[in-house]
Structures are given as C-alpha cells and as structure tokens.
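*Asks:* First, the structure itself, so that you have it in front of you.
The values are calculated or read from the model by the stated rules, or taken from the named source; none is laboratory data. Since the structure is predicted, the reported quantities are computational estimates derived from the model, not experimental observations. For neighbour counting, all protein chains shown are included, and Cβ atoms are generated from backbone atoms with ideal geometry for every residue, glycine included.
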Amino acid sequence: MSVRRLAEDQFQPAAFAFSDENAVWAEKTIQKYPAGRQQSAVIPLLMRAQEQDGWVTRPAIEKIADMLDMAYIRVLEVATFYTQFQLHPVGTRAHVQVCGTTPCMLRGSEKLMGVCRSKIHQHPFERNAEGTLSWEEVECLGACVNAPMVMIGKDTYEDLTPERLEEIIDTFAAGNGTSVKVGPQIDRHLSSPEGGPTTLLDDVTVTRTRAGKAPAAADGAPVPPSEAARPKSTDAETNASLKTPATSPKASAKNAKAAEVQPLSGTAASEPAPKATAAETTAKPSLTDKNRPAGIEKPAAPDDLKMISGVGPKIEATLHEIGIFTFAQIAGWKKAEREWVDSFLNFRGRIERDDWVKQAKALAKGGEAEYIKVFGKKPR
C-alpha cells in the first residue's frame with residue numbers, strides 16, 4: 001500500500017471549524033452512537049470536513065479528534081488509511097477520479113486519463129494553473145457495466161468517450177458543473193442494456209429472448225428457455241408419483257380423497273379450469289375512463305419526467321402519449337387518477353411505492369434544489 005502523508009505546512013490552513021449547519025449535523029451524528037462509542041463517528045465527520053473544504057487538513061483532524069476525545073494520531077491513522085480522504089488540496093471545482101480497474105481499462109480508461117493529463121495536469125493530484133481542477137486514478141467505482149467512467153464528487157459519469165469527458169471537464173472548469181447530466185452519457189437508462197431492456201418488459205405478450213420470440217405456454221405467457229427444454233411428464237407419470245406404498249393405507253386414503261376434491265388435469269373425471277390469457281391479465285383501462293388524468297398539449301419545453309425515481313425513457317414516452325408532460329400534472333393526481341395510471345402502466349402499486357406525487361411536487365416547486373431539500377439527494 002502506498003504511503004500517504006499530510007500536505008506540507010505551506011498548504012495547511014491556520015485553523016478549522018465546521019460551518020454552523022455542519023456543526024449541528026456533526027453533533028446529531030455523534031449522538032447516534034451509544035455512550036462511550038462516539039469515536040465511531042470519526043469517518044462521517046472526516047468526510048463532512050472534506051466535503052466542506054475539499055480535502056482533509058491537519059487542523060480538521062485535530063478538531064475532530066478533540067470533538068471525539070481521541071488522540072490526534074488515532075484520527076490521523078483513519079485519514080491516512082482510507083483513500084477516500086484527500087490529504088492534499090484538490091481542484092476547487094472538480095476532482096476527477098478515473099476508474100482504472102479491468103472493465104474500464106478494457107473499455108478505454110487510458111484514453112480518459114490522457115484527457116485529464118492534457119486538460120488538467122500531466123501528473124495526478126496536481127492542480128491546473130487556476131487551481132480549479134485535479135485528477136487521479138482510482139480502483140473500481142462500482143459501475144462496471146457502464147465502463148469507462150469517472151466520479152466527480154459523489155456523482156458518476158458513465159459510458160464515456162474521450163470527447164465527452166473533455167466536454168464535462170470544460171463545463172466544470174467554467175463553473176457550470178451542476179448542469180452536467182450524471183450517470184450514463186449515452187441513450188441508456190441507469191444500467192439497462194444499450195438500446196433498451198430485453199427482459200421484464202411491461203407487456204408479457206411482447207417479451208422476447210435474445211434468440212427471438214420465446215416459446216409460449218398454454219396460457220399465452222412466454223416460457224423460459226430452461227423450462228422449454230425440460231422433458232414434460234405424462235399424466236400417467238404424475239398419477240404414479242402420487243401413489244403411496246400399500247403399507248401406508250392412511251396416506252393412500254388421503255390421496256384418494258384429495259383426488260376426488262381436485263382431480264388431476266386431463267383425466268376423465270374432470271376438465272381443466274380455464275386460465276386467464278395474458279391479454280386479460282394485462283388489460284389496460286379505457287382511455288375514456290372518467291378517472292384518466294387530464295392531458296395537455298405538448299409544451300415547448302416539457303419537464304424532464306425521468307427526474308422522478310421510477311420513470312425511465314419508455315415510461316416517459318408512454319406518459320407523453322396520454323398528455324402528461326409536466327411535474328405539476330403529476331403533483332395534482334388524486335388517488336383515483338393514480339390508480340388509473342398505475343393500471344395503465346401495469347405497475348402494480350409502483351406509483352404509490354415510489355411516491356411520484358411527492359417527488360413531482362418538489363420538482364414543480366423548486367426543481368433539483370427543492371428535491372434535494374426534501375429527499376436529501378439528487379433526482380435521478
């Protein structure tokens with residue numbers, strides 16, 4: 001493991017103090033731990049100090065040690081052990097962490113590092129001339145399926161090309177980093193396959209395997225390939241499997257009685273119960289239903305409904321088809337209207353679970369800033 005030391009004295013500030021807001025947060029965080037175990041708050045307090053000043057300074061380490069009644073060396077051990085803590089000044093507007101682990105390396109992370117060398121500084125951890133940007137190579141950041149990727153602050157930027165990373169760095173350098181779209185930088189929703197999902201689609205009648213249309217069962221639903229290849233047992237084999245030895249008369253009588261109540265499918269004693277077709281189980285409500293939410297004409301600048309957790313590109317397109325284009329519309333849905341949309345999308349309660357209305361109200365009121373205020377995180 002590499003040796004990690006604090007920055008030289010010339011970079012160290014004279015003192016450290018949490019902001020008023022962060023001081024309140026720190027006290028609440030310390031109180032979460034049982035008496036005598038408050039030192040367990042050392043990592044979250046160090047991280048909050050880094051988020052406030054951009055890096056972990058010696059005065060910050062000493063301040064946190066005093067707050068937790070710890071020896072300075074103990075807090076220093078934590079700060080130098082975990083590479084998530086920056087021990088030297090980093091860019092004031094962006095510190096770019098480039099993943100260099102195998103999946104990203106195979107997908108071109110070396111070229112991303114080349115961009116950082118040309119746009120920021122030849123060497124990692126060194127800032128650009130303005131002191132606004134810095135970079136480093138890191139280990140896996142956990143979005144391997146969308147490689148290559150970088151992390152800036154707490155946000156990841158995935159499916160990158162060198163050209164796209166140059167654009168992102170330029171935007172942060174100009175002080176407009178909050179305008180950059182986070183997550184995949186291509187037409188991909190989260191970690192879905194490129195080109196859209198191929199499984200777990202809303203309508204089972206159009207589900208397909210990668211090899212083509214899935215074989216259908218008797219009720220019209222697709223059969224998994226593993227089940228399609230499985231040999232089917234005959235009714236005679238099924239009957240035989242239910243028989244018990246002659247030495248077990250009670251069990252034989254019980255099986256016989258059960259057979260009278262519910263005969264085996266395909267026997268002369270009964271007819272199989274009719275099964276609902278896939279079309280019946282996924283039937284959508286009428287578009288003329290009184291509970292359908294009122295739609296509007298598409299505005300010149302419709303809201304990005306994908307900012308609501310649970311809404312992807314496909315769902316957004318479906319909402320547009322029924323005239324839903326703004327957060328304010330969703331924020332005003334009554335219970336009956338939510339149930340109509342839930343049934344129309346075949347969501348089985350997902351709108352209530354994800355609380356679309358509360359999310360939409362926050363976004364309609366103040367956009368991303370209000371969403372963060374209400375939910376404590378950025379919208380998707």
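*Asks:* Taking the stated definitions as given, is Glu316 acidic (Asp, Glu), out of contact with any helix residue (DSSP H, G or I) (no Cβ under 6 Å at 6 or more places or on another chain) and not assigned by TED's automatic domain parsing to the domain that holds Gly177?
*Replies:* no
Listed here are the residues, each with its yes/no results for (1) farther than 30 Å from Gly195 by Cβ; (2) over 17 Å from the mean Cα position of the chain (by Cα).
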position	(1), (2)
Met307	no, no
Glu321	no, yes
Ile324	no, yes
Val341	no, yes
Leu345	no, yes
Glu370	yes, yes
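*Asks:* When you go through (1) among the hydroxyl-bearing types (Ser, Thr, Tyr); (2) under 23 Å from the mean Cα position of the chain (by Cα); (3) in a loop (DSSP other than H, G, I, E, B) one by one for Ser286, which number turns out not to apply?
*Replies:* The number of the failed condition is (2).
*Asks:* Here is a further query. Could you list, in sequence order, all residues of segment 316-325 that are on the phi < 0 side of the Ramachandran plot and surrounded by fewer than 19 Cβ atoms within 10 Å (Cβ to Cβ)?
*Replies:* Selection gives Ala317, Thr318, His320, Glu321, Ile322.
*Asks:* Of all residues in segment 68-107, which are hydrophobic (A, V, I, L, M, F, W, C) and in contact with a Cys (Cβ under 7 Å, 6 or more places away or on another chain)?
*Replies:* Val96, Val98, Cys99
*Asks:* Would segment 320-332 turn up any residue that is within 22 Å of Ser191 (Cβ to Cβ), out of contact with any Leu (no Cβ under 8 Å at 6 or more places or on another chain) and either part of a helix (DSSP H, G or I) or modelled with pLDDT of 95 or more (or both)?
*Replies:* No: zero hits.
*Asks:* Could you tell me how many of the residues in segment 359-369 are surrounded by 15 or more Cβ atoms within 10 Å (Cβ to Cβ) and touching a helix residue (DSSP H, G or I) at 6+ places or on another chain (Cβ under 8 Å)?
*Replies:* Counting residues in segment 359-369 that are surrounded by 15 or more Cβ atoms within 10 Å (Cβ to Cβ) and touching a helix residue (DSSP H, G or I) at 6+ places or on another chain (Cβ under 8 Å) gives 6.
*Asks:* Could you check segment 161-196 and list, in sequence order, the residues that are touching a residue at least 40 places away in the same chain (Cβ under 8 Å), within 18 Å of the chain's Cα centre (by Cα) and not in a loop (DSSP other than H, G, I, E, B)?
*Replies:* Scanning segment 161-196 gives a single hit, Gly183.
*Asks:* May I ask you to list the residues in segment 336-350 that are among the aliphatic types (A, V, I, L, M), surrounded by 15 or more Cβ atoms within 10 Å (Cβ to Cβ) and at pLDDT 90 or above?
*Replies:* Residue satisfying the conditions is Val341 alone.
*Asks:* So, in segment 286-338, exactly how many residues are acidic (Asp, Glu) and in contact (Cβ under 8 Å) with a residue 60 or more places away in the chain?
*Replies:* 1
*Asks:* Please determine whether any residue of segment 61-72 is within 27 Å of the chain's Cα centre (by Cα), in a loop (DSSP other than H, G, I, E, B) and either in the same structural domain as Val42 (by TED's automatic domain parsing) or crowded, with 22+ Cβ neighbours inside 10 Å (or both).
*Replies:* no
*Asks:* Identify all residues within segment 336-380 that are assigned to a helix (DSSP H, G or I), charged (D, E, K, R) and within 27 Å of Leu200 (Cβ to Cβ); write none if there are none.
*Replies:* Glu337, Arg338, Glu339, Asp342, Arg350, Glu352, Arg353, Asp354, Lys358
*Asks:* Give me a count of the residues in segment 127-136 that are over 32 Å from the mean Cα position of the chain (by Cα) and acidic (Asp, Glu).
*Replies:* 1
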